[in-house]
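J.: Before we start, here is the structure in question, set down as structure tokens.
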Amino acid sequence: DSGVTQTPKHLITATGQRVTLRCSPRSGDLSVYWYQQSLDQGLQFLIQYYNGEERAKGNILERFSAQQFPDLHSELNLSSLELGDSALYFCASSADTYTGELFFGEGSRLTVL
Amino acid sequence: AQTVTQSQPEMSVQEAETVTLSCTYDTSESDYYLFWYKQPPSRQMILVIRQEAYKQQNATENRFSVNFQKAAKSFSLKISDSQLGDAAMYFCAYRTYNNNDMRFGAGTRLTVKP
């Protein structure tokens, strides 16, 4: 158990809809990262938050947005969903020290029909 | 931009044998971290081993060890005495010291034959 909690684990929705994925980082971790993993592919970095502020941005679509709240949990909002958005979405967190590693949640599997 | 390349989409090893997974990366930084993560069928991302670039000694974790060649920007993973439970996707990853995002390679699917 990494200590990172993601909900929901599975989500099925239709094209054009909007969903919200939630992540609670490990206790004490200030940084939260979101990654997208499409079927049998690598992890694509979407966005990072540090203590409530956006820190780095990757290949995140304009239809996607995220935020980190004062209690450090984060939400990834996906709107106007398309079939190609079907993927496993990972949240990860890291400590505010130079250990470097990311601790991953179990992922949220999104299926868009 | 930092990139991570895993040139072996698939590898296979006999149980109890040794296998080496390759990884190269491109960076202009001198200080960074390198990682190998394992993703079994459960899809959970599990850290296998970590290497800090300033350390010349190669990291080891039980049956897992790395061959870190900083000048060549190479970071291979050696799995000794392979076990059926080692079957998974293995991702090489890179991260700078400034706490920004971690970049992953495309992964190598390892099959372990009994």
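J.: State the extension gain, in nm to one decimal, for the chain segment bounded by B:Asn58 and B:Ser74, taking 0.36 nm per residue of separation less the distance between their alpha-carbons.
T.: 4.6 nm
J.: In debye, nearest 20: dipole of chain B around its Cα centre with unit charges on the Cβ of K, R (+) and D, E (-)?
T.: It comes to approximately 80 debye.
J.: Still on this structure, please answer the following. So which GluC sites (Glu not before Pro) in the stretch B:19-114 end up in coil per DSSP with only 14 or fewer other C-beta atoms within 10 Å?
T.: Those that pass, being in a loop and sparsely packed, are B:Glu29.
J.: Please compute the volume of the convex hull spanned by the alpha-carbon atoms of chain A and report it per residue in Å³.
T.: Dividing the Cα hull volume of chain A by its residue count gives 96 Å³.
J.: For the stretch A:39-99, which GluC sites (Glu not before Pro) are both in a DSSP coil and crowded by at most 14 other Cβ atoms within 10 Å?
T.: When the GluC sites (Glu not before Pro) of the stretch A:39-99 are filtered for loop state and at most 14 Cβ neighbours within 10 Å, A:Glu62, A:Glu82 remain.
J.: Mind putting a number on the dipole of chain A about its Cα centre? Charges go on the C-beta only, +1 for Lys and Arg and -1 for Asp and Glu, and I need it in Debye to the nearest 20.
T.: Dipole of chain A, to the nearest 20 debye: 240 debye.
J.: Residue farthest toward the positive end of the dipole of the stretch A:68-113, with Cβ of Lys/Arg at +1 and Asp/Glu at -1: which of A:Pro70, A:Gly84, A:Ser108?
T.: Checking the options against the dipole of the stretch A:68-113, the answer is A:Gly84.
J.: In whole Hz and in residue order, list the ³J(HN,Hα) couplings for the stretch B:10-26 that follow from phi through the Karplus curve 6.51 cos²θ - 1.76 cosθ + 1.60, θ = phi - 60°; x for Gly and Pro.
T.: For the stretch B:10-26, the Karplus-derived couplings read 9, 9, 9, 9, 7, 3, 6, 8, 10, 9, 10, 9, 9, 7, 10, 9, 10 Hz, x marking Gly and Pro.
J.: Further question on the same structure: Over the protein assembly as shown, consider all pairs of different Cα atoms and compute the Kirkwood hydrodynamic radius from their mean reciprocal separation; express it in Å, one decimal.
T.: Its Kirkwood hydrodynamic radius stands at 18.1 Å.
J.: To continue, here is another question. Tell me the trypsin sites (Lys or Arg not before Pro) within the stretch A:22-66 that lie in a loop according to DSSP and have at most 14 other beta-carbon atoms within 10 Å.
T.: Here the trypsin sites (Lys or Arg not before Pro) that fit, given the DSSP loop and packing criteria, are A:Arg63.
Read the figures in this text as sums done on the coordinates, not as results from a lab. Computed from a prediction, not measured in an experiment: that's the story for all the values here. No Cβ is skipped: glycine too gets one built from the backbone with ideal geometry, and neighbour counts run over all protein chains shown.
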